[in-house]
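Read through the structure below, which is laid out as structure tokens, and then see the notes.
The values are calculated or read from the model by the stated rules, or taken from the named source; none is laboratory data. As the structure is a computational prediction, the values presented were derived from the model and not from experiment. Please note: Cβ atoms are built from the backbone with ideal geometry, for glycine as well, and neighbour counts cover all protein chains shown.
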Amino acid sequence: MQEDKVSLLDANDLSAKTPSLETWLGVVVSLADGQHTIQQLIEQLAGQYDGTPPQELERTIESVIERLTETEVLKLADQAVILPYYLSLPVEKLDMEMARRLMTDDGYFQNNVKH
């Protein structure tokens with residue numbers, strides 16, 4: 001996250017410029033910690049508003065989650081999960097060599113990709 005913006009990282013090419021996610025997508029990605037339900041996420045975001053949250057907040061968040069799962073940026077689970085190291089911290093705080101090794105172990109890279 002940079003300047004309150006969330007970007008996805010191309011782990012194959014760390015120098016590649018990636019555009020920041022749309023605001024709502026970035027908010028949901030940054031709060032997706034594997035420990036909370038969608039309803040808890042909605043309640044947390046609703047609590048950020050003074051007074052009554054926008055009427056369409058829940059529908060907006062559900063739509064954002066749908067987009068993120070369709071593009072495989074987000075994966076839903078039936079139970080709480082502990083995020084792997086490479087997803088648990090902002091990229092600026094990661095040991096990228098270790099992150100790449102763990103991602104390779106988890107099957108994120110194709111055999112023919114150099115990293």
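When the test is whether a residue is modelled with pLDDT of 90 or more, more than 19 Å from Thr23 (Cβ to Cβ), under 13 Å from the mean Cα position of the chain (by Cα) and surrounded by 12 or more Cβ atoms within 10 Å (Cβ to Cβ), Leu83 passes it.
Of all residues assigned to segment 43-63, none qualifies as being modelled with pLDDT under 90 and surrounded by 11 or more Cβ atoms within 10 Å (Cβ to Cβ).
Each residue in segment 7-48 was checked for being among the hydrophobic types (A, V, I, L, M, F, W, C), without any contact (Cβ under 8 Å) to a residue 40 or more places away in the chain and farther than 14 Å from Val64 by Cα, and 2 pass. What is the residue count in segment 88-105 for residues that are surrounded by 15 or more Cβ atoms within 10 Å (Cβ to Cβ), under 16 Å from the mean Cα position of the chain (by Cα) and either not β-branched (Val, Ile, Thr) or not in a helix (DSSP H, G or I) (or both)? Of the residues in segment 88-105, 3 are surrounded by 15 or more Cβ atoms within 10 Å (Cβ to Cβ), under 16 Å from the mean Cα position of the chain (by Cα) and either not β-branched (Val, Ile, Thr) or not in a helix (DSSP H, G or I) (or both). Among the residues of segment 26-60, the ones that are outside any helix (DSSP H, G or I) and of a type in the set (A, V, I, L, M, F, W, C) come to 1 in all. Considering the conditions (1) within 27 Å of Leu9 (Cβ to Cβ); (2) surrounded by 10 or more Cβ atoms within 10 Å (Cβ to Cβ); (3) among the acidic types (Asp, Glu), Glu72 is excluded by exactly one of them, (2).
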